[in-house]
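Notes for the one structure printed next.
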Amino acid sequence: MALRCLLRQYQGLRLSSQHIRCFSSAPSIYDRMVQITVVDVYGQRHVLRALTGHTLVDVLQEHSELLGSEEVTESPEGRGVVECVVSVPNEFLEQIPQTKDYLQQLRQITPSVTSNCRLGSKIILTKEMNDMQVAMHEVYPWRTI
């Protein structure tokens, strides 16, 4: 009964634009987040969160206290550049570009190269890569940082 009275009172009101609050539809930081599961060389799974637009090697380097520093190595491209080698599932391979000399770069870093191996610096995270699982590869021990 009280609700009906209240409804009758509000039906007679005309709302102007000053009574209506507009909410922003700007994207938030959560709209740019992706979740990646990383399987390290010991078989342990680590769930990492990162922002789209970052490279996978940057994300792994940020979480080096969790993963360990032995998964990241010096890049053959030059000094101060870090690199990692990961295995990527087949459904994500087409989203990751390949360069002509990527096999040569992979062989300089890791002893075992498969068709699903990719360089971490070439994987730029997108929203489509949410919930992607990657497996870390062993790198030559004398080239780790």
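The values are calculated or read from the model by the stated rules, or taken from the named source; none is laboratory data. Being a predicted model, the structure only gives us computed values, none of them experimental. In this analysis, Cβ positions are derived from the backbone assuming ideal geometry, glycine residues included, and neighbour counts consider all displayed protein chains. The area values use the complete protein model at the heavy-atom level, side chains included, leaving out ligands, DNA and RNA. Shrake-Rupley method; radii C 1.70, N 1.55, O 1.52, S 1.80 Å.
Any residue in the range 100-112 that is free of Cβ contacts under 8 Å to residues at least 60 places away in the same chain sitting within a Cβ distance under 9 Å of a residue that is open to solvent by 70 Å² or more (accessible area, probe 1.4 Å)? List the pairs, counting only those 6 or more apart or interchain.
The qualifying pairs are 105/77; 108/143; 109/74; 109/143; 110/138; 111/138; 112/138.
Taking the residues in the range 68-95 that are open to solvent by less than 10 Å² (accessible area, probe 1.4 Å), in contact with a helix residue (DSSP H, G or I) (Cβ under 8 Å, 6 or more places away or on another chain) and within 12 Å of residue 118 (Cα to Cα) as candidates, determine which candidate is modelled with the highest pLDDT.
86
Mind listing just one residue for me: the one in the range 24-47 that is open to solvent by less than 50 Å² (accessible area, probe 1.4 Å) and either within 8 Å of the chain's Cα centre (by Cα) or of a type in the set (D, E, K, R) (or both) and, of those, farthest from residue 124 (Cα to Cα)?
40
Which of the residues belonging to the range 112-145 are part of a loop (DSSP other than H, G, I, E, B), at pLDDT 75 or above and not β-branched (Val, Ile, Thr)? Explain how you work it out, then say what you get.
Kept after step one, since they are part of a loop (DSSP other than H, G, I, E, B), are these residues of the range 112-145: 112-116, 123, 125-126, 130-131, 137-140, 145.
Okay, now just the ones that are also at pLDDT 75 or above, so 112-116, 123, 125-126, 130-131, 137-138.
Across the range 112-145, the qualifying residues are 112, 115, 116, 125, 130, 131, 137, 138.
Across the range 82-111, what is the number of residues that are assigned to a loop (DSSP other than H, G, I, E, B) and farther than 20 Å from residue 48 by Cα?
Initial filter on the range 82-111 (assigned to a loop (DSSP other than H, G, I, E, B)): 84, 88-89, 94-101, 110-111.
Subset that is farther than 20 Å from residue 48 by Cα: 94, 97-101, 110-111.
Number of matching residues: 8.
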